[in-house]
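I have placed the structure first, in the form of structure tokens, so that the comments after it can refer back to it.
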Amino acid sequence: MKSTLGLTTTLVIFWLLLSGHYTGLILSLGALSIALVVWIARRMDVVDHEVAPVHFTPKLIGYWLWLAGEIIKSTFDVTRRVLRGRGALHPAYEDVPIDQGTAMSETILANSITLTPGTLSVDVRNDVIRVHTVHKDLLVSLREGGMARRVKALEPKAKQS
Amino acid sequence: MMFAAAMLAILITMALTLARAVLGPTVYDRIMAVNLFGTKTVLFIAVVGFLFGRPEFLDIALVYALINFIGTVAVLKLMHYGELGWVDTSWERDDL
Amino acid sequence: MLPQILDGLSWALLLVGSGFTIISGIGLFRMPEFFTRTHAAGMTDSMAAIMILGGLLLQAPDWMVAVRLIAIAAFLALTSPTASHALAQAALADGLKPLLGGQQGKG
């Protein structure tokens, strides 16, 4: 029930932000469409705490800033490799062990790896992420686990048991 | 002025992406190229909206961004399983 | 003074974003095979898109436009890694082998 409420609130805020027309008819049509979406989501049984992960929000901003910095750094790196061509490439495809605890945390980590240019997560299974990188040096920094530690720190402490 | 420059750059990239989609060689190269083309289309619509002073185009860009993603995933699923209604249960883990 | 600075910043973002866009297009041809091409493609998705949208954001006439630009950037940032991942995974499941370090030159 709490998740349904969270989903509804998110949809209402999103609709109000995008609409810009606040007359009776349009508002009631908006309410109707939100109700329809919530009904479909409940019927598909996809409403759980992952739909509206409100318990993450406060620490996320800091993580995003850090991730943006990483993306900028590696974009320049990949740009250099693209322009230098095959000589700068040493593609590697290996497993990186992870210890994230929750599925949500694993998902954020895998998405962050893919979002950073030069590294691409291909598969997540049994506490390893299979990563394809454009150069094998990039695997070293992934194995050091700086990103994994930051993602893990996003989780509320109570959830890590 | 700067909008026109950005538009030109995006158009050049769209042409390159289309060439990659035609050349292939694998079907996944083509899907990736079409996905990239879709992302470029979103940026193109946004920039054109600003160039012509019609920021309402952004609504179209927003919808296109969603359709592009869903389309890519749908084509991949169709490629892989041969139908769209197939539900993958193999990823469900018993330790969660 | 401030409007000029914002204007310059937004033009710089647009120009650099356009540059990255073209480079990723070139990357589609300079990279030897599918997986490395995905890296070149993913580069624009995460970086150039956000730069160009950020450049437009600084030119936004009102907050309605700003909200839409932020929403587009957020959607792209959420969906593009998912699409890249799905592509790479489907290609691997289909038996496409990534080209590894030692085997360059053949591709």
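The values are calculated or read from the model by the stated rules, or taken from the named source; none is laboratory data. Small disclaimer: the values here were computed from a predicted structure and weren't measured. Heads up, the Cβs are rebuilt from the backbone with ideal geometry, glycines too, and the neighbour counts pull from every protein chain shown. Each accessible area value is taken on the protein alone, full model and side chains, heavy atoms only, with ligands, DNA and RNA left out. Shrake-Rupley method; radii C 1.70, N 1.55, O 1.52, S 1.80 Å.
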With every protein chain in place, the residues of the stretch C:3-32 shedding 40 Å² or more of accessible area versus the chain by itself (probe 1.4 Å) are C:11, C:14, C:18, C:20, C:21, C:22, C:23, C:28, C:29, C:30, C:31, C:32
With a 1.4 Å probe and every protein chain left in place, work out the accessible area per residue of chain A in Å², rounded to a whole number. 57 Å²
At the nearest 100 Å², what buried accessible area, both sides summed, do you get for A and C when the probe is 1.4 Å? 3100 Å²
In Å², rounded to the nearest 100, what is the total accessible surface buried by chains B and C against each other with a 1.4 Å probe? 3600 Å²
With the full set of protein chains in place, find how many percent of the accessible area of the stretch B:2-81 is carbon and sulfur; take the probe as 1.4 Å. 79 percent
A 24 angstrom limit on the alpha carbon distance is what I want to check against. Which of A:73/B:77; A:2/A:59; A:2/B:77; A:59/B:77 exceed it? A:73/B:77; A:2/B:77; A:59/B:77
Once amide H atoms are placed 1.01 Å from N in the peptide plane, what residues at a sequence separation of 5 or more from residue A:135, or on another chain, have their amide H within under 5 Å of its amide H? A:90, A:92
Taking only the alpha-carbon atoms of the stretch A:56-160, what semi-axes of the equivalent ellipsoid follow from 5 times the gyration tensor eigenvalues under a square root, in whole Å, largest first? 26, 16, 9
Relative to the longest principal axis of chain C, what angle (0 to 90°, nearest 10) does the C-alpha long axis of helix C:63-93 take? 0 degrees
Relative contact order of the stretch B:4-53, pairs being alpha-carbon contacts under 8 Å that are 6 or more residues apart, as %: 42 percent
If you project the alpha carbons of the stretch A:2-43 onto the principal axes, what extent comes out on each, in Å, largest first? 29, 16, 12
Can you give the translational diffusion coefficient of the protein assembly as shown in µm²/s, computed by Stokes-Einstein from the Kirkwood radius over Cα pairs at 4 °C and 1.567 mPa s? 60 µm²/s
Helix axis angle, A:57-84 relative to chain A longest principal axis, alpha carbon, degrees: 40 degrees
By accessible area (1.4 Å), largest first, A:90, A:21, A:132 order as A:21, A:90, A:132
Furthest towards positive pole of dipole, A:83, A:154, A:102, structure part the stretch A:56-160, Cβ charges: A:83
So with the 1.4 Å probe, I'd like the accessible area per residue for chain C, rounded to whole Å². 40 Å²
Where does helix A:103-115 land angle-wise versus the long Cα axis of chain A, in degrees 0 to 90, nearest 10? 60 degrees
Please report the carbon-and-sulfur percent of the accessible area for chain A; probe 1.4 Å, protein heavy atoms only, DNA, RNA and ligands left out. 65 percent
With a 1.4 Å probe and all protein chains in place, put C:33, B:56, A:144, A:94 in order of accessible area, largest first. A:144, B:56, A:94, C:33
Whole-percent tail of the Cα-Cα distance distribution for chain C, cut at 22 Å, equals 45 percent
